[in-house]
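Each remark here refers to the structure printed beneath this line.
The values are calculated or read from the model by the stated rules, or taken from the named source; none is laboratory data. Everything numeric in this text was worked out from a predicted model, so none of it was measured. Here Cβ is always computed from backbone atoms with ideal geometry, including for glycine, and neighbour counts include all displayed protein chains.
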Amino acid sequence: MTLPKLMTLTDAAAERIRALISASGKDATGLRIGVKKGGCAGMEYTMSYAETKAPHDEVVEDKGVRILIDPTAVMFLLGTEMDYRADRMSSGFVFNNPNQTGSCGCGESVSLTPAAQTGHRE
């Protein structure tokens, strides 16, 4: 059995990440993504500029963008698609995560269950 790719990006997310890194003024090589305990639903996604790869980071290269996944977040993000949406009222990254079991009303935090650890990623 083959597990889904760790993470994928939509064209909109890749374009927005490239623009953010370019405008950051930092020597970033990519975007670091993780999860942490917090919010009313239990967990929150984290994002920061990545200047170097940490020893146990998982690296995802998609649509010309480099994403570094914190090792503690891998099982929570397995199979996730990262999108970027903008409308007249708001804009932001959206995580279409098959491991999400719930979310809070304000949309700032989620409930996540780790993916089963069988097979291997492509």
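Would you call Thr29 under 18 Å from Asn97 (Cβ atoms) and among the hydroxyl-bearing types (Ser, Thr, Tyr)?
Values: under 18 Å from Asn97 (Cβ atoms): no; among the hydroxyl-bearing types (Ser, Thr, Tyr): yes.
So Thr29 fails the test.
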Tell me yes or no: at least one residue of region 50-60 is surrounded by 13 or more Cβ atoms within 10 Å (Cβ to Cβ), more than 16 Å from Lys5 (Cα to Cα), free of Cβ contacts under 8 Å to residues at least 40 places away in the same chain and not aromatic (Phe, Trp, Tyr). yes
Please go through region 37-72 and give me each residue that is over 18 Å from Gly102 (Cβ atoms) and of a type in the set (A, V, I, L, M), ordered by number. Met47, Ala50, Ala54, Val59, Val60, Val65, Ile67, Leu68, Ile69
Please state which one of Gly42, Gly79, Gly34, Gly38 is surrounded by 12 or more Cβ atoms within 10 Å (Cβ to Cβ), within 12 Å of the chain's Cα centre (by Cα) and on the phi > 0 side of the Ramachandran plot. Gly79
Selected residue (only one of Gly79, Gly92 is in contact with a Pro (Cβ under 8 Å, 6 or more places away or on another chain) and either at pLDDT 75 or above or under 30 Å from Ser22 (Cβ atoms) (or both)): Gly79
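When you look at Tyr49, is it modelled with pLDDT under 90 and either assigned to a strand (DSSP E or B) or closer than 18 Å to Ile21 by Cα (or both), yes or no?
Working: modelled with pLDDT under 90: no; either assigned to a strand (DSSP E or B) or closer than 18 Å to Ile21 by Cα (or both): yes.
Judged against the criteria, Tyr49 is not a match.
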Restricting the search to region 15-31, which residues are among the basic types (Lys, Arg), assigned to a helix (DSSP H, G or I) and surrounded by fewer than 15 Cβ atoms within 10 Å (Cβ to Cβ)? Arg18
